[in-house]
Amino acid sequence: MKRGFYVGRFQPYHNGHQSVLEHIAHEVDEIVIGIGSAQLSHMVDNPFTAGERVLMITRGLAKLGCPFYVLPIEDIKRNALWVAHVQSMTPRFDLCYSSNPLVVQLFKEAGIEVLSPAMYEREILSGTEIRRRMLNGEIWENLVPSSVIDVLKEIDGVERLREISRKD
Ligand code: NAD
């Protein structure tokens, strides 16, 4: 049984994350997906709750064909203890997948193998770019799985982002 760990903020979950997870699904028996910064929501850079992100990911991966767990993980103030914190909240895993330099560094220092998957269309497949498009009324729907569009409609997510970005 080989289990891989993949962590992200997923604000929102997009086609880049989806492509990475489809790739990971061919390499491991099970995937543990950590929703980082789980405590954050209703902010311009972090508009969606951990529960909403659970829905986006779970529905997006409905046809993945590899068992997975989606677990919210709150941030802690000590980076040096973060890997132990993650391990205390997740099923045991054998390796970590990330291209985030801090995440890579912390897992390597903890003696855990890290693989950095290729980036897919990084200029447009990025949470920052998708939130920018949502705020400016530009097309973003082609950058996320269709199930994520459904979740965002259900929670009125784009309207929330616009409201919280307004100045009083
Ligand atoms: P993210 O959603 O930006 O990205 C998740 C992963 O997807 C990353 O590995 C990223 O490189 C990859 N990715 C992004 N766009 C891609 C694309 N187009 N193609 C392929 N891959 C793509 O999330 P993140 O910022 O990496 O999340 C790390 C989380 O870990 C954060 O929530 C952070 O707060 C948390 N963290 C917490 C601590 C702490 O609490 N002390 C320490 C380190 C990290």
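Of note:
- Per residue, the solvent-accessible area of the chain (1.4 Å probe, heavy atoms of protein chains only, all protein chains present) comes to 53 Å².
- The loop-placed GluC sites (Glu not before Pro) in segment 123-168, going by DSSP, that have at most 11 neighbouring Cβ atoms within 10 Å of their Cβ come out as GLU123, GLU138.
- With both labels modelled 7 Å from their Cα along Cα-to-Cβ, the HIS26 to LYS167 distance reads 5.0 nm.
- Ratio of Rg to Rh for segment 3-163: 0.95 [Cα atoms; Kirkwood radius as inverse mean 1/r over pairs].
- Solvent-accessible area of the chain (1.4 angstrom probe, protein heavy atoms only): carbon and sulfur portion equals 51 percent.
- Under Karplus coefficients 6.51, -1.76 and 1.60, residue-wise ³J(HN,Hα) of segment 45-54 in Hz, glycine/proline x: 8, 9, x, 10, 6, 4, x, 5, 5, 4
- Karplus-derived 3J(HN,Hα), 6.51/-1.76/1.60, for each residue of segment 68-75, Hz, glycine and proline x: 8, 10, 10, 10, x, 10, 6, 6
- Exposure rank, largest accessible area first [HIS23, HIS42; 1.4 Å]: HIS42, HIS23
- For the chain, the number of Lys pairs separated by eight or more positions or lying on different chains, with C-alpha atoms closer than 28 Å, is 5.
- Amide N of segment 41-60 lying under 13 Å from the label point, which is placed 7 angstrom from the Cα of LEU135 along Cα→Cβ: 43-47
- Between LYS63 and MET119, full extension at 0.36 nm per residue minus the direct alpha carbon distance yields a gain of 18.0 nm.
The values are calculated or read from the model by the stated rules, or taken from the named source; none is laboratory data. In this text, all values refer to a predicted model and were calculated from it rather than measured experimentally. Heads up, the Cβs are rebuilt from the backbone with ideal geometry, glycines too, and the neighbour counts pull from every protein chain shown. What goes into the accessible areas is simple: the full protein's heavy atoms, side chains included, and nothing from ligands, DNA or RNA. Shrake-Rupley method; radii C 1.70, N 1.55, O 1.52, S 1.80 Å.
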